[in-house]
1. Of everything in the range 104-131, what is under 24 Å from residue 19 (Cβ atoms), touching a residue at least 60 places away in the same chain (Cβ under 8 Å) and not polar (S, T, N, Q)? Give them in sequence order.
2. Of the residues 70, 13, 62, only one is under 27 Å from residue 169 (Cα atoms), open to solvent by 20 Å² or more (accessible area, probe 1.4 Å), assigned to a helix (DSSP H, G or I) and not hydrophobic (A, V, I, L, M, F, W, C); which?
3. Can you name the residue in the range 211-234 that is more than 29 Å from residue 199 (Cα to Cα), within 11 Å of the ligand (Cβ to nearest atom) and touching a residue at least 12 places away in the same chain (Cβ under 8 Å) and is also most open to solvent (accessible area, probe 1.4 Å) among such residues?
4. In the range 210-245, how many are assigned to a helix (DSSP H, G or I) and either out of contact with any helix residue (DSSP H, G or I) (no Cβ under 7 Å at 6 or more places or on another chain) or on the phi > 0 side of the Ramachandran plot (or both)?
5. Out of everything in the range 132-147 that is within 14 Å of the chain's Cα centre (by Cα) and in contact (Cβ under 8 Å) with a residue 60 or more places away in the chain, what residue ends up being farthest from the ligand (Cβ to nearest atom)?
6. Do we have any residue at all in the range 133-154 that's modelled with pLDDT of 95 or more and assigned to a helix (DSSP H, G or I)?
7. Quick check on this structure: which one of 44, 25, 57 is over 22 Å from residue 169 (Cβ atoms) and part of a loop (DSSP other than H, G, I, E, B)?
8. Condition first: assigned to a loop (DSSP other than H, G, I, E, B) and of a type outside the set (S, T, N, Q). Can you find one or more residues in the range 182-193 that meet it?
Amino acid sequence: MDIFINTMQSKYKIYLDCIALKNLNEFIASKKEYKNIIVITDSNVDHFIDNSFNLKNYKLYKYVIEAGEKSKNIETYYKIIRYLTSIKADRHDLIIALGGGVVGDLAGFVASTYMRGIDYIQIPTSLLAMVDSSIGSKTAINTEDGKNLIGSFYNPRAVFIDFTYLKTLPQKEFLNGLSETIKASIIKDRKLFELIIESDLNNEEIIKKIVKRSIEIKREIVERDLKETKERQLLNFGHTIGHALEKLSDYTLP
Ligand code: GLY
């Protein structure tokens with residue numbers, strides 16, 4: 001069920017319907033190239049790093065940001081960079097972004113700029129991050145003038161999608177992510193749209209199907225136009241007005 005993303009920069013795998021921490025252990029063990037692991041996460045989900053995360057040969061560091069869009073700024077970015085320097089992180093280390101879109105975008109941007117780029121992995125924990133923000137290599141932080149005004153295109157080494165994380169997701173956040181699947185369906189796949197509006201969305205198997213298809217739609221577009229010169233703009237359908245409303249509501253509106 002896994003999906004590969006093949007861009008001009010590199011090829012990486014999206015492990016779909018996996019047990020994230022188990023797969024992560026295996027991934028790290030198979031690479032044998034990392035010294036330390038730095039997990040960047042937020043105050044809502046940092047408890048997901050538990051005893052099953054079994055890093056025998058590595059030192060594990062954890063940086064927890066305050067949950068919410070307001071953390072996706074240059075101050076938090078700089079604090080993380082200073083933290084990395086304080087623990088002497090370097091290109092032999094691996095950053096794990098564990099969280100929703102804010103953590104993924106911010107940690108990805110840290111990874112893409114710290115020492116001109118170190119490896120990172122995405123473990124999205126929200127539906128929105130699973131179907132949109134963790135896929136497609138965009139990293140970013142916001143400024144006072146708007147969302148994602150500073151950022152880069154930087155491929156993760158892998159993405160681990162573990163549906164058990166969705167079980168603890170508040171309904172509001174679930175709907176927030178569902179809107180991205182509706183977007184994907186409207187821009188590319190009528191059948192997916194029908195599946196979303198006609199199905200029982202409490203059915204886990206249906207959600208898995210919707211997530212998989214939404215990722216495939218995004219994968220196809222990103223492989224053709226990673227840097228959004230043309231076709232990828234379709235993926236911003238609804239985002240332009242959405243970002244404006246989000247900012248005007250002082251990020252209280254998801
Ligand atoms: N979220 C829009 C994109 O990834 O291009």
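The values are calculated or read from the model by the stated rules, or taken from the named source; none is laboratory data. Source: prediction; values computed, not measured. Cβ sites come from the backbone with ideal geometry, for glycine too, and all protein chains shown count toward neighbours. The protein model used for the area step is the full one, side chains on, heavy atoms only, and it has no ligands, DNA or RNA in it. Shrake-Rupley method; radii C 1.70, N 1.55, O 1.52, S 1.80 Å.
1. 107, 119, 121, 123, 127, 130, 131
2. 70 is the lone residue from the list that is under 27 Å from residue 169 (Cα atoms), open to solvent by 20 Å² or more (accessible area, probe 1.4 Å), assigned to a helix (DSSP H, G or I) and not hydrophobic (A, V, I, L, M, F, W, C).
3. 227
4. Matching residues across the range 210-245 total 14.
5. 141
6. Among the residues of the range 133-154, at least one is modelled with pLDDT of 95 or more and assigned to a helix (DSSP H, G or I), which makes the answer yes.
7. 57
8. Yes; the residues of the range 182-193 include at least one that is assigned to a loop (DSSP other than H, G, I, E, B) and of a type outside the set (S, T, N, Q).
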